[in-house]
1. Using a cut-off of 15 Å between beta-carbons, work out the net charge of the residues near Ile180 (Lys and Arg +1, Asp and Glu -1, Ile180 not included).
2. Looking only at Cα atoms, what is the convex hull volume of region 13-82 per residue, in Å³?
3. Hey, can you rank 123-133, 63-73, 184-194 by average C-beta count inside 10 Å, highest first?
4. From largest accessible area down, sort Val90, Val406, Val247; use a 1.4 Å probe on the protein chains.
5. Could you state the orientation-averaged shadow area of the convex hull built on the Cα atoms of region 16-199, in nm² to one decimal?
6. State log₁₀ I(q)/I(0) for region 215-295 at q = 0.21, 0.27 Å⁻¹ as given by the Debye formula over alpha-carbon point scatterers of equal weight, solvent excluded.
7. Could you sort Arg273, Arg143 by their accessible area in this structure, using a 1.4 Å probe and putting the largest first?
8. Net charge around Val193, counting only other residues with Cβ within less than 14 Å of its Cβ (Lys, Arg = +1; Asp, Glu = -1)?
Amino acid sequence: MTTTTAQHEQAPTGRHPQRWLILGVICLAQLTVLLDNTILSVAIPSLNRELGASATDIQWMINAYSLVQSGLLLTAGNAADRYGRKKLLVAGLVLFGIGSLAAGLSQSSGQLIAARAGMGVGGALLMTTILAVVVQIFDDTERVKAIALWSTVSSLGFAAGPLIGGVMLDHFWWGAIFLINIPVVALALTAVVALVPESKNPQGERPDLLGALLSTIGMTGVVYAIISGPEHGWTSGQVLIPAAVGVAVLAAFAVWELRIPYPMLDMHFFRNRRFIGAVAGSILVAFGMGGSLFLLTQHLQFVLGYGPLDAGLRTAPLALTIVALNLTGVGPRLLPKLGTPLTIAIGMALVSAGLAAIALLGGDGYGGMLLGLVVMGAGIALSMPAMANAIMSAIPPEKAGVGAGVNGTLAEFGNGLGVAVLGAVLNSRFAVLVPGVVGAASLPAALAAADGSAERERVSDAFASGLETSQLVGAVAVLAGGLLAALLLRRAENADPARPAA
(Lines give C-alpha, C1' and ligand atoms only; values in the text may rest on other atoms or scores of the structure.)
Protein backbone atom coordinates (compact mmCIF):
# COMPACT_ATOMS: atom_id res chain seq x y z
CA MET A 1 0.00 0.00 0.00
CA THR A 2 1.44 3.37 -0.98
CA THR A 3 1.77 6.27 1.39
CA THR A 4 -0.85 8.24 -0.51
CA THR A 5 -3.37 5.40 -0.29
CA ALA A 6 -2.68 4.89 3.40
CA GLN A 7 -3.29 8.55 4.10
CA HIS A 8 -6.49 8.48 2.08
CA GLU A 9 -7.88 5.48 3.93
CA GLN A 10 -6.93 6.78 7.34
CA ALA A 11 -9.22 9.82 6.95
CA PRO A 12 -7.33 12.10 9.35
CA THR A 13 -9.12 13.79 12.20
CA GLY A 14 -10.89 17.03 11.26
CA ARG A 15 -14.20 18.70 10.51
CA HIS A 16 -16.47 16.72 8.21
CA PRO A 17 -19.06 18.89 6.40
CA GLN A 18 -21.93 16.64 7.56
CA ARG A 19 -20.46 15.94 10.99
CA TRP A 20 -23.51 16.97 13.06
CA LEU A 21 -25.90 14.92 10.90
CA ILE A 22 -23.54 11.96 11.18
CA LEU A 23 -23.42 12.43 14.95
CA GLY A 24 -27.21 12.26 15.05
CA VAL A 25 -27.26 9.05 13.00
CA ILE A 26 -24.69 7.21 15.08
CA CYS A 27 -26.25 8.42 18.32
CA LEU A 28 -29.48 6.73 17.18
CA ALA A 29 -27.59 3.46 16.99
CA GLN A 30 -25.97 4.20 20.37
CA LEU A 31 -29.36 4.85 21.94
CA THR A 32 -30.69 1.47 20.83
CA VAL A 33 -27.71 -0.41 22.26
CA LEU A 34 -27.76 1.36 25.61
CA LEU A 35 -31.51 1.05 26.12
CA ASP A 36 -30.98 -2.68 26.35
CA ASN A 37 -28.74 -2.25 29.40
CA THR A 38 -31.71 -1.22 31.55
CA ILE A 39 -34.91 -1.90 29.60
CA LEU A 40 -35.15 -5.38 31.15
CA SER A 41 -35.41 -3.99 34.66
CA VAL A 42 -39.14 -3.19 34.44
CA ALA A 43 -39.85 -6.57 32.81
CA ILE A 44 -38.64 -8.51 35.86
CA PRO A 45 -42.15 -9.30 37.18
CA SER A 46 -43.24 -10.45 33.69
CA LEU A 47 -40.16 -12.66 33.34
CA ASN A 48 -40.73 -14.09 36.83
CA ARG A 49 -44.31 -14.92 35.88
CA GLU A 50 -44.09 -15.99 32.22
CA LEU A 51 -40.68 -17.66 32.04
CA GLY A 52 -40.41 -18.77 35.67
CA ALA A 53 -37.16 -16.80 35.92
CA SER A 54 -35.40 -16.82 39.30
CA ALA A 55 -33.51 -13.88 40.79
CA THR A 56 -30.23 -15.39 39.54
CA ASP A 57 -31.72 -15.91 36.06
CA ILE A 58 -32.71 -12.25 35.95
CA GLN A 59 -29.23 -11.10 36.91
CA TRP A 60 -27.73 -13.27 34.17
CA MET A 61 -30.21 -11.94 31.61
CA ILE A 62 -28.88 -8.49 32.40
CA ASN A 63 -25.22 -9.41 32.88
CA ALA A 64 -24.89 -11.73 29.85
CA TYR A 65 -25.33 -8.67 27.62
CA SER A 66 -22.92 -6.40 29.46
CA LEU A 67 -20.28 -9.08 30.11
CA VAL A 68 -20.04 -10.19 26.48
CA GLN A 69 -19.81 -6.55 25.44
CA SER A 70 -17.12 -5.91 28.04
CA GLY A 71 -15.03 -8.84 26.87
CA LEU A 72 -15.22 -7.98 23.17
CA LEU A 73 -15.06 -4.16 23.19
CA LEU A 74 -11.28 -3.92 23.13
CA THR A 75 -10.94 -6.46 20.33
CA ALA A 76 -13.72 -4.74 18.41
CA GLY A 77 -11.90 -1.42 18.82
CA ASN A 78 -8.67 -2.88 17.46
CA ALA A 79 -10.50 -4.44 14.52
CA ALA A 80 -12.29 -1.17 13.76
CA ASP A 81 -9.01 0.78 13.72
CA ARG A 82 -7.42 -1.72 11.35
CA TYR A 83 -10.24 -2.83 9.02
CA GLY A 84 -12.51 0.21 8.98
CA ARG A 85 -14.84 1.81 11.48
CA LYS A 86 -17.78 2.07 9.08
CA LYS A 87 -17.54 -1.63 8.17
CA LEU A 88 -17.62 -2.64 11.83
CA LEU A 89 -20.49 -0.24 12.54
CA VAL A 90 -22.58 -1.88 9.81
CA ALA A 91 -21.68 -5.38 11.02
CA GLY A 92 -22.57 -4.45 14.58
CA LEU A 93 -26.01 -3.17 13.57
CA VAL A 94 -26.77 -6.38 11.66
CA LEU A 95 -25.69 -8.65 14.53
CA PHE A 96 -27.56 -6.56 17.08
CA GLY A 97 -30.72 -6.78 15.02
CA ILE A 98 -30.47 -10.57 14.71
CA GLY A 99 -29.86 -10.91 18.45
CA SER A 100 -32.86 -8.69 19.22
CA LEU A 101 -35.09 -10.93 17.08
CA ALA A 102 -33.86 -14.04 18.89
CA ALA A 103 -34.41 -12.40 22.30
CA GLY A 104 -37.94 -11.30 21.46
CA LEU A 105 -38.90 -14.84 20.41
CA SER A 106 -37.23 -16.65 23.35
CA GLN A 107 -39.33 -19.30 25.11
CA SER A 108 -37.18 -19.91 28.20
CA SER A 109 -34.75 -18.16 30.54
CA GLY A 110 -31.82 -20.03 28.97
CA GLN A 111 -32.77 -18.95 25.45
CA LEU A 112 -33.13 -15.33 26.53
CA ILE A 113 -29.75 -15.35 28.30
CA ALA A 114 -28.12 -16.80 25.14
CA ALA A 115 -29.85 -14.24 22.91
CA ARG A 116 -28.74 -11.40 25.19
CA ALA A 117 -25.17 -12.65 24.93
CA GLY A 118 -25.52 -12.61 21.13
CA MET A 119 -26.81 -9.04 21.26
CA GLY A 120 -23.71 -8.19 23.28
CA VAL A 121 -21.50 -9.18 20.33
CA GLY A 122 -23.25 -6.68 18.06
CA GLY A 123 -23.30 -4.09 20.82
CA ALA A 124 -19.52 -4.38 21.26
CA LEU A 125 -18.96 -3.55 17.59
CA LEU A 126 -21.31 -0.58 17.79
CA MET A 127 -20.00 0.89 21.04
CA THR A 128 -16.39 1.05 19.87
CA THR A 129 -16.99 2.38 16.37
CA ILE A 130 -19.47 5.08 17.39
CA LEU A 131 -17.13 7.00 19.71
CA ALA A 132 -14.16 6.38 17.39
CA VAL A 133 -16.09 7.99 14.50
CA VAL A 134 -16.89 10.99 16.71
CA VAL A 135 -13.19 11.47 17.44
CA GLN A 136 -12.34 11.20 13.73
CA ILE A 137 -14.86 13.71 12.33
CA PHE A 138 -14.61 16.46 14.98
CA ASP A 139 -11.51 18.55 15.62
CA ASP A 140 -10.23 19.66 19.01
CA THR A 141 -12.36 22.81 19.13
CA GLU A 142 -15.68 20.94 18.77
CA ARG A 143 -14.83 17.56 20.26
CA VAL A 144 -15.80 18.38 23.87
CA LYS A 145 -19.25 19.53 22.72
CA ALA A 146 -19.67 16.49 20.45
CA ILE A 147 -18.64 14.09 23.23
CA ALA A 148 -21.04 15.85 25.61
CA LEU A 149 -23.90 15.25 23.16
CA TRP A 150 -22.77 11.64 22.67
CA SER A 151 -22.65 11.25 26.45
CA THR A 152 -26.14 12.75 26.76
CA VAL A 153 -27.51 10.11 24.40
CA SER A 154 -25.56 7.44 26.30
CA SER A 155 -27.04 8.53 29.61
CA LEU A 156 -30.50 8.92 28.07
CA GLY A 157 -30.37 5.41 26.64
CA PHE A 158 -29.20 4.02 29.95
CA ALA A 159 -31.69 5.88 32.12
CA ALA A 160 -34.71 5.86 29.76
CA GLY A 161 -34.73 2.07 29.44
CA PRO A 162 -37.18 1.56 32.33
CA LEU A 163 -39.55 4.24 30.94
CA ILE A 164 -39.59 2.85 27.40
CA GLY A 165 -39.81 -0.69 28.73
CA GLY A 166 -42.77 0.32 30.89
CA VAL A 167 -44.60 1.87 27.92
CA MET A 168 -44.04 -1.27 25.85
CA LEU A 169 -45.13 -3.63 28.62
CA ASP A 170 -48.25 -1.58 29.20
CA HIS A 171 -49.41 -2.47 25.68
CA PHE A 172 -47.52 -5.60 24.59
CA TRP A 173 -45.90 -8.76 25.94
CA TRP A 174 -42.33 -8.67 27.26
CA GLY A 175 -40.73 -9.79 23.96
CA ALA A 176 -41.77 -6.52 22.34
CA ILE A 177 -39.04 -4.65 24.25
CA PHE A 178 -36.54 -6.44 22.01
CA LEU A 179 -38.47 -6.54 18.75
CA ILE A 180 -38.81 -2.74 18.82
CA ASN A 181 -35.05 -2.60 18.16
CA ILE A 182 -35.44 -4.06 14.67
CA PRO A 183 -37.00 -1.05 12.85
CA VAL A 184 -34.60 1.30 14.65
CA VAL A 185 -31.65 -0.85 13.54
CA ALA A 186 -32.95 -0.85 9.95
CA LEU A 187 -33.21 2.96 9.95
CA ALA A 188 -29.76 3.40 11.49
CA LEU A 189 -28.24 0.89 9.04
CA THR A 190 -29.61 2.78 6.04
CA ALA A 191 -28.34 6.11 7.35
CA VAL A 192 -24.89 4.77 8.28
CA VAL A 193 -24.35 3.30 4.81
CA ALA A 194 -25.38 6.59 3.17
CA LEU A 195 -23.66 9.14 5.43
CA VAL A 196 -20.83 7.84 7.62
CA PRO A 197 -17.36 8.08 6.04
CA GLU A 198 -14.93 5.17 6.24
CA SER A 199 -11.83 5.67 8.37
CA LYS A 200 -9.12 3.31 9.48
CA ASN A 201 -5.53 3.06 10.62
CA PRO A 202 -4.03 0.83 7.88
CA GLN A 203 -0.93 0.11 9.96
CA GLY A 204 -3.03 -0.89 12.98
CA GLU A 205 -2.57 -3.94 15.14
CA ARG A 206 -3.90 -7.42 14.48
CA PRO A 207 -6.90 -8.44 16.62
CA ASP A 208 -5.80 -10.04 19.87
CA LEU A 209 -8.16 -13.03 19.98
CA LEU A 210 -6.52 -14.71 22.98
CA GLY A 211 -6.70 -11.44 24.89
CA ALA A 212 -10.42 -11.19 24.15
CA LEU A 213 -10.95 -14.75 25.36
CA LEU A 214 -8.97 -14.22 28.55
CA SER A 215 -10.69 -10.94 29.43
CA THR A 216 -14.16 -12.40 28.84
CA ILE A 217 -13.48 -15.53 30.92
CA GLY A 218 -11.87 -13.51 33.70
CA MET A 219 -14.66 -10.99 34.08
CA THR A 220 -17.35 -13.66 33.78
CA GLY A 221 -15.74 -15.71 36.55
CA VAL A 222 -15.54 -12.76 38.93
CA VAL A 223 -19.10 -11.56 38.34
CA TYR A 224 -20.48 -15.12 38.48
CA ALA A 225 -18.95 -15.47 41.93
CA ILE A 226 -20.53 -12.20 43.06
CA ILE A 227 -23.96 -13.20 41.75
CA SER A 228 -23.77 -16.67 43.28
CA GLY A 229 -22.52 -15.56 46.71
CA PRO A 230 -25.90 -15.16 48.44
CA GLU A 231 -27.15 -18.49 47.08
CA HIS A 232 -24.19 -20.74 47.87
CA GLY A 233 -22.41 -18.81 50.62
CA TRP A 234 -19.39 -16.54 50.13
CA THR A 235 -16.92 -19.15 51.42
CA SER A 236 -18.30 -22.09 49.40
CA GLY A 237 -16.33 -23.74 46.62
CA GLN A 238 -19.05 -22.77 44.13
CA VAL A 239 -18.15 -19.14 44.77
CA LEU A 240 -14.45 -19.21 45.62
CA ILE A 241 -13.45 -21.39 42.65
CA PRO A 242 -14.94 -19.17 39.90
CA ALA A 243 -13.68 -16.08 41.75
CA ALA A 244 -10.14 -17.50 41.89
CA VAL A 245 -10.30 -18.58 38.25
CA GLY A 246 -11.55 -15.15 37.23
CA VAL A 247 -8.80 -13.29 39.08
CA ALA A 248 -6.12 -15.67 37.79
CA VAL A 249 -7.31 -15.36 34.19
CA LEU A 250 -7.42 -11.55 34.44
CA ALA A 251 -3.85 -11.63 35.76
CA ALA A 252 -2.87 -13.86 32.83
CA PHE A 253 -4.56 -11.37 30.51
CA ALA A 254 -2.43 -8.53 31.89
CA VAL A 255 0.78 -10.59 31.51
CA TRP A 256 -0.17 -11.61 27.97
CA GLU A 257 -0.90 -8.01 26.97
CA LEU A 258 2.52 -6.90 28.25
CA ARG A 259 4.40 -9.54 26.26
CA ILE A 260 2.82 -9.59 22.80
CA PRO A 261 3.77 -7.09 20.06
CA TYR A 262 0.14 -6.23 19.20
CA PRO A 263 -1.79 -6.08 22.51
CA MET A 264 -5.53 -5.62 22.66
CA LEU A 265 -4.93 -3.16 25.49
CA ASP A 266 -1.59 -1.44 25.82
CA MET A 267 -0.96 -1.87 29.54
CA HIS A 268 1.44 1.07 29.46
CA PHE A 269 -1.62 3.32 29.28
CA PHE A 270 -1.97 2.55 32.99
CA ARG A 271 1.20 4.52 33.67
CA ASN A 272 -0.74 7.64 32.66
CA ARG A 273 -2.37 9.13 35.79
CA ARG A 274 -4.90 10.97 33.64
CA PHE A 275 -5.96 7.68 32.08
CA ILE A 276 -6.15 5.84 35.44
CA GLY A 277 -8.17 8.62 37.05
CA ALA A 278 -10.73 8.60 34.25
CA VAL A 279 -10.82 4.79 34.36
CA ALA A 280 -11.62 4.73 38.10
CA GLY A 281 -14.36 7.31 37.73
CA SER A 282 -15.99 5.68 34.69
CA ILE A 283 -16.25 2.28 36.34
CA LEU A 284 -17.77 3.62 39.55
CA VAL A 285 -20.29 6.03 38.04
CA ALA A 286 -21.57 3.15 35.87
CA PHE A 287 -21.47 0.91 38.95
CA GLY A 288 -23.70 3.28 40.90
CA MET A 289 -26.15 4.04 38.08
CA GLY A 290 -26.51 0.46 36.82
CA GLY A 291 -26.94 -1.10 40.23
CA SER A 292 -29.27 1.65 41.42
CA LEU A 293 -31.69 1.37 38.48
CA PHE A 294 -31.70 -2.43 38.73
CA LEU A 295 -32.83 -2.20 42.37
CA LEU A 296 -35.08 0.85 42.12
CA THR A 297 -37.42 -0.55 39.48
CA GLN A 298 -37.95 -3.65 41.63
CA HIS A 299 -38.64 -1.52 44.70
CA LEU A 300 -41.14 0.64 42.82
CA GLN A 301 -43.06 -2.40 41.56
CA PHE A 302 -42.71 -4.97 44.34
CA VAL A 303 -42.75 -2.76 47.44
CA LEU A 304 -44.56 0.44 46.43
CA GLY A 305 -46.95 -1.40 44.09
CA TYR A 306 -46.50 0.54 40.83
CA GLY A 307 -47.07 -1.14 37.46
CA PRO A 308 -44.31 -1.32 34.81
CA LEU A 309 -45.32 1.95 33.09
CA ASP A 310 -45.68 3.89 36.34
CA ALA A 311 -42.37 2.51 37.59
CA GLY A 312 -40.66 3.54 34.35
CA LEU A 313 -42.17 7.04 34.54
CA ARG A 314 -40.86 7.43 38.08
CA THR A 315 -37.28 6.73 36.96
CA ALA A 316 -37.57 9.28 34.13
CA PRO A 317 -36.35 12.30 36.18
CA LEU A 318 -32.85 10.80 36.10
CA ALA A 319 -32.76 10.84 32.30
CA LEU A 320 -34.55 14.19 32.02
CA THR A 321 -32.06 15.88 34.34
CA ILE A 322 -29.10 14.56 32.35
CA VAL A 323 -30.59 15.65 29.03
CA ALA A 324 -31.62 19.09 30.31
CA LEU A 325 -28.18 19.90 31.72
CA ASN A 326 -26.22 18.66 28.71
CA LEU A 327 -28.49 20.08 26.00
CA THR A 328 -28.33 23.49 27.68
CA GLY A 329 -24.54 23.22 27.59
CA VAL A 330 -23.96 23.30 31.34
CA GLY A 331 -21.43 20.46 31.28
CA PRO A 332 -19.41 21.63 28.24
CA ARG A 333 -19.28 25.19 29.63
CA LEU A 334 -18.22 24.19 33.14
CA LEU A 335 -15.51 21.75 32.04
CA PRO A 336 -13.08 24.38 30.64
CA LYS A 337 -13.75 26.71 33.59
CA LEU A 338 -13.43 24.17 36.41
CA GLY A 339 -10.97 21.78 34.81
CA THR A 340 -11.38 18.03 34.46
CA PRO A 341 -10.44 17.01 38.06
CA LEU A 342 -12.84 19.40 39.81
CA THR A 343 -15.66 18.71 37.33
CA ILE A 344 -15.37 14.97 37.93
CA ALA A 345 -15.10 15.39 41.72
CA ILE A 346 -18.26 17.52 41.88
CA GLY A 347 -20.14 15.22 39.52
CA MET A 348 -19.25 12.04 41.39
CA ALA A 349 -20.05 13.65 44.76
CA LEU A 350 -23.52 14.48 43.41
CA VAL A 351 -24.02 10.90 42.18
CA SER A 352 -23.03 9.64 45.62
CA ALA A 353 -25.37 12.11 47.35
CA GLY A 354 -28.21 11.01 45.09
CA LEU A 355 -27.70 7.36 45.98
CA ALA A 356 -27.60 8.24 49.67
CA ALA A 357 -30.82 10.27 49.36
CA ILE A 358 -32.56 7.32 47.71
CA ALA A 359 -31.34 5.02 50.49
CA LEU A 360 -32.26 7.23 53.42
CA LEU A 361 -35.34 9.08 52.13
CA GLY A 362 -36.87 6.76 49.54
CA GLY A 363 -37.92 3.81 51.67
CA ASP A 364 -41.50 4.87 52.42
CA GLY A 365 -42.48 6.81 49.31
CA TYR A 366 -41.47 8.39 46.04
CA GLY A 367 -40.48 11.87 47.22
CA GLY A 368 -37.05 10.84 48.50
CA MET A 369 -36.41 8.81 45.35
CA LEU A 370 -37.27 11.80 43.16
CA LEU A 371 -34.77 14.00 44.97
CA GLY A 372 -32.10 11.31 44.70
CA LEU A 373 -32.73 10.72 40.99
CA VAL A 374 -32.48 14.44 40.16
CA VAL A 375 -29.24 14.84 42.14
CA MET A 376 -27.80 11.69 40.52
CA GLY A 377 -28.74 13.01 37.08
CA ALA A 378 -26.92 16.29 37.73
CA GLY A 379 -23.81 14.39 38.81
CA ILE A 380 -23.85 12.10 35.78
CA ALA A 381 -24.34 15.05 33.40
CA LEU A 382 -21.20 16.68 34.81
CA SER A 383 -18.93 13.67 35.26
CA MET A 384 -19.54 11.37 32.28
CA PRO A 385 -18.54 13.73 29.42
CA ALA A 386 -15.47 14.86 31.38
CA MET A 387 -14.35 11.26 31.97
CA ALA A 388 -14.94 10.19 28.36
CA ASN A 389 -12.98 13.20 27.09
CA ALA A 390 -10.15 12.47 29.56
CA ILE A 391 -9.88 8.85 28.39
CA MET A 392 -9.96 9.70 24.68
CA SER A 393 -7.43 12.54 25.07
CA ALA A 394 -5.01 10.21 26.90
CA ILE A 395 -4.89 7.81 23.92
CA PRO A 396 -3.32 8.61 20.50
CA PRO A 397 -5.92 9.60 17.83
CA GLU A 398 -4.85 6.74 15.54
CA LYS A 399 -6.00 4.36 18.29
CA ALA A 400 -9.44 5.94 18.61
CA GLY A 401 -11.10 2.54 18.34
CA VAL A 402 -9.03 1.22 21.23
CA GLY A 403 -9.86 4.31 23.27
CA ALA A 404 -13.56 3.87 22.58
CA GLY A 405 -13.20 0.20 23.49
CA VAL A 406 -11.61 1.11 26.82
CA ASN A 407 -14.32 3.66 27.57
CA GLY A 408 -17.11 1.25 26.62
CA THR A 409 -15.53 -1.63 28.53
CA LEU A 410 -15.43 0.44 31.69
CA ALA A 411 -19.06 1.49 31.36
CA GLU A 412 -20.29 -2.03 30.60
CA PHE A 413 -18.16 -3.67 33.26
CA GLY A 414 -19.16 -1.05 35.83
CA ASN A 415 -22.83 -1.58 34.97
CA GLY A 416 -22.57 -5.37 35.23
CA LEU A 417 -20.57 -5.12 38.44
CA GLY A 418 -23.09 -2.69 39.92
CA VAL A 419 -25.98 -5.05 39.23
CA ALA A 420 -24.00 -7.97 40.65
CA VAL A 421 -22.54 -6.32 43.76
CA LEU A 422 -25.51 -4.20 44.81
CA GLY A 423 -27.86 -7.07 43.95
CA ALA A 424 -25.74 -9.39 46.08
CA VAL A 425 -25.76 -6.92 49.00
CA LEU A 426 -29.55 -6.66 48.74
CA ASN A 427 -30.01 -10.44 48.52
CA SER A 428 -27.69 -11.06 51.47
CA ARG A 429 -29.49 -8.53 53.67
CA PHE A 430 -32.86 -9.86 52.54
CA ALA A 431 -31.83 -13.43 53.38
CA VAL A 432 -30.71 -12.41 56.89
CA LEU A 433 -33.96 -10.59 57.64
CA VAL A 434 -36.21 -13.26 56.11
CA PRO A 435 -34.65 -16.62 57.04
CA GLY A 436 -35.09 -19.33 54.45
CA VAL A 437 -35.48 -16.89 51.55
CA VAL A 438 -32.12 -17.32 49.88
CA GLY A 439 -30.58 -18.12 46.54
CA ALA A 440 -32.92 -18.37 43.60
CA ALA A 441 -35.91 -17.34 45.70
CA SER A 442 -37.12 -13.91 44.58
CA LEU A 443 -39.19 -11.24 46.28
CA PRO A 444 -42.37 -12.28 44.37
CA ALA A 445 -41.82 -15.88 45.51
CA ALA A 446 -41.33 -14.76 49.10
CA LEU A 447 -44.45 -12.59 48.97
CA ALA A 448 -46.46 -15.45 47.45
CA ALA A 449 -45.29 -17.82 50.21
CA ALA A 450 -46.01 -15.33 52.99
CA ASP A 451 -48.76 -16.37 55.42
CA GLY A 452 -51.02 -13.38 55.95
CA SER A 453 -50.67 -9.62 55.59
CA ALA A 454 -48.30 -9.27 58.53
CA GLU A 455 -45.88 -11.73 56.99
CA ARG A 456 -46.11 -10.01 53.60
CA GLU A 457 -45.34 -6.68 55.25
CA ARG A 458 -42.31 -8.21 56.97
CA VAL A 459 -41.02 -9.50 53.64
CA SER A 460 -41.53 -6.08 51.98
CA ASP A 461 -39.80 -4.33 54.89
CA ALA A 462 -36.86 -6.74 54.59
CA PHE A 463 -36.53 -5.96 50.90
CA ALA A 464 -36.67 -2.22 51.60
CA SER A 465 -33.95 -2.62 54.24
CA GLY A 466 -31.79 -4.53 51.79
CA LEU A 467 -32.33 -1.80 49.21
CA GLU A 468 -31.24 0.89 51.68
CA THR A 469 -28.05 -1.02 52.55
CA SER A 470 -27.15 -1.66 48.92
CA GLN A 471 -27.69 1.97 47.89
CA LEU A 472 -25.45 3.17 50.74
CA VAL A 473 -22.72 0.75 49.62
CA GLY A 474 -23.04 2.21 46.12
CA ALA A 475 -22.86 5.76 47.46
CA VAL A 476 -19.63 5.10 49.37
CA ALA A 477 -18.05 3.38 46.33
CA VAL A 478 -18.95 6.22 43.97
CA LEU A 479 -17.71 8.93 46.34
CA ALA A 480 -14.41 7.12 46.87
CA GLY A 481 -14.01 6.66 43.11
CA GLY A 482 -14.71 10.32 42.44
CA LEU A 483 -12.14 11.52 44.95
CA LEU A 484 -9.55 9.05 43.62
CA ALA A 485 -10.21 10.06 40.00
CA ALA A 486 -9.93 13.77 40.81
CA LEU A 487 -6.70 13.27 42.77
CA LEU A 488 -5.04 11.28 39.99
CA LEU A 489 -6.12 13.73 37.30
CA ARG A 490 -4.88 16.69 39.33
CA ARG A 491 -1.50 15.01 39.83
CA ALA A 492 -1.33 14.27 36.11
CA GLU A 493 -1.95 17.92 35.27
CA ASN A 494 0.64 19.09 37.81
CA ALA A 495 3.17 16.69 36.30
CA ASP A 496 2.41 17.99 32.79
CA PRO A 497 1.51 21.68 33.18
CA ALA A 498 1.72 22.27 29.42
CA ARG A 499 -1.31 20.05 28.89
CA PRO A 500 -4.68 21.83 28.92
CA ALA A 501 -6.74 21.17 32.02
CA ALA A 502 -9.84 20.09 30.18
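1. Once positives and negatives cancel, what remains is -2.
2. Working: hull volume 7.3 nm³, N = 70.
Enclosed volume per residue, from the Cα hull, is 104 Å³.
3. Numbers: 123-133: 30.7, 63-73: 27.6, 184-194: 17.0.
Ranked from most to least packed, the peptides come out as 123-133, 63-73, 184-194.
4. Numbers: Val90 40, Val406 10, Val247 95 Å².
From most accessible down to least: Val247, Val90, Val406.
5. Mean projected area for region 16-199: 9.7 nm², to one decimal.
6. Debye output, listed in q order: -1.07, -1.13.
7. Ranked from most to least accessible, the order is Arg273, Arg143.
8. Surrounding charge for Val193 is +2.
The values are calculated or read from the model by the stated rules, or taken from the named source; none is laboratory data. In this text the structure is predicted, and so the values were computed from the model without any measurement. Quick reminder, even Gly has a Cβ in these numbers, built from the backbone with ideal geometry, and neighbours come from all protein chains shown. Heads up: the accessible areas ignore ligands, DNA and RNA and are worked out on the full protein's heavy atoms, side chains in. Shrake-Rupley method; radii C 1.70, N 1.55, O 1.52, S 1.80 Å.
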